[in-house]
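Let me begin by presenting the structure, written as structure tokens, before commenting on it.
No lab work stands behind these numbers, since they all come straight from the coordinates. Owing to the predicted nature of the structure, the values given are computational and were not obtained by experimental measurement. Cβ coordinates were reconstructed from backbone atoms using ideal geometry, including for glycine residues, and neighbour counts include every protein chain displayed.
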Ligand code: UDP
Ligand code: MG
């Protein structure tokens, strides 16, 4: 397949052995119905189950399927990035491999693209089969990032989206290491729109995003798109300064008037000192978050390492360099 397909479907895969065949089956059915030419790129992000074998078997049989096999787990956002780097389509669709994003929605995305939109993101009108905790944290997170980010990131959208070649090429120039792709897609601009869909339950398996990864991802989003946390320190500083200034006459008055309500005792001092240290360490932490990310950028490591590419038509015109 050396001619370029109209659409590249990109799916990141981390231990999804129970979903691979169904993903391939449903994507094929939908795309064949669309009348568009297409390819499916599955990125194996260091799975330790039977996902790699399953993907490889499909790629060897179906010439429209290619598999990028990572040298280890580099994370969801890097897997998606690799898929975009290798995609040859006139548009790229990012979709989760667990079938929470129904492949059938791709048809709606394509329809809007054909009407002239460069980015069509899928908005979660409803989320099925996810814990109340996940739903609540996601809801709070999307609203917070919407408020503090310097760009408008649409509410309740994940990475499930279609992007025109122009947008993909723009994203390919953005090699930042702590990636929040949905924010980066908003950042590039172009004509963007959304379509609503119902997010389903996982077809098989468990979420690959434990709380630890979710927090890390949230911090990437915040630090990548906002300086607000760095600026909070000035408000804390002003408020505490004001309290200190007001405290002087109050304490003096209490002393002079012989009031029994006096600030004596080491306990009070101890509590105040601990509270202040806590504030200061908190702002150290925030600064540390930005500094660590600066360090990530300075080292200029690749975003991922591909150890093998499986499937036909792999070694012709795509950009084979590691990220
Ligand atoms: N994923 C990945 N690398 C990881 C974690 C997840 O490629 O380190 C993939 C995963 O296989 C799935 C997608 O990213 O296709 C979304 O992950 P998941 O469904 O676990 O996230 P959730 O939908 O629970 O937020
Ligand atoms: Mg999922």
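Some observations on this one:
- Taking 0.692 mPa s as the viscosity and 37 °C as the temperature, the Stokes-Einstein diffusion coefficient of the chain based on its alpha-carbon Kirkwood radius rounds to 148 µm²/s.
- At R0 = 56 Å, FRET efficiency that the Cβ-Cβ distance of residue 165 and residue 281 yields, to 0.05: 0.75
- Per residue of the chain, the DSSP helices (runs of n ≥ 4 H) give a summed -39500 (n - 2.57) that works out to -16000 deg cm²/dmol at 222 nm.
- Once both labels are positioned 7 Å from their Cα atoms along Cα-to-Cβ, the gap between residue 29 and residue 207 label points is 2.7 nm.
- Highest-MSF residue in the chain out of 250, 48, 272 [GNM, Cα springs under 10 Å]: 250
- For the chain, modelled as a GNM whose springs connect Cα atoms under 10 angstrom apart, the maximal fluctuation among 239, 151, 181 occurs at 239.
- Degrees separating the helix 132-148 axis from the principal Cα axis of the chain, which is the longest one: 80
- Long-range tail of P(r) for the stretch 173-253 (Cα pairs > 18 Å, %): 70
- Spin-label pair residue 130/residue 268, simplified geometry with 7 Å Cα→Cβ offset, distance in nm: 4.9
- Of every Cα-Cα pair in the stretch 78-120, the percent that sits beyond 15 Å: 50
- Net length gained if the chain between residue 290 and residue 21 were fully extended (0.36 nm per residue, minus Cα distance): 92.8 nm
- Between residue 63 and residue 111, the contour length at 0.36 nm per residue exceeds the alpha carbon distance by 14.8 nm.
- Candidates 137, 269, 185: whichever shows maximal mean-square fluctuation once the chain is modelled as a Gaussian network with Cα springs under 10 Å: 269
- Evaluated at q = 0.11, 0.15 Å⁻¹: base-10 log I(q)/I(0), Debye formula over Cα of the stretch 70-223: -0.41, -0.81
- In the chain, the longest principal axis of the Cα atoms and the axis of helix 51-61 are about 30 degrees apart.
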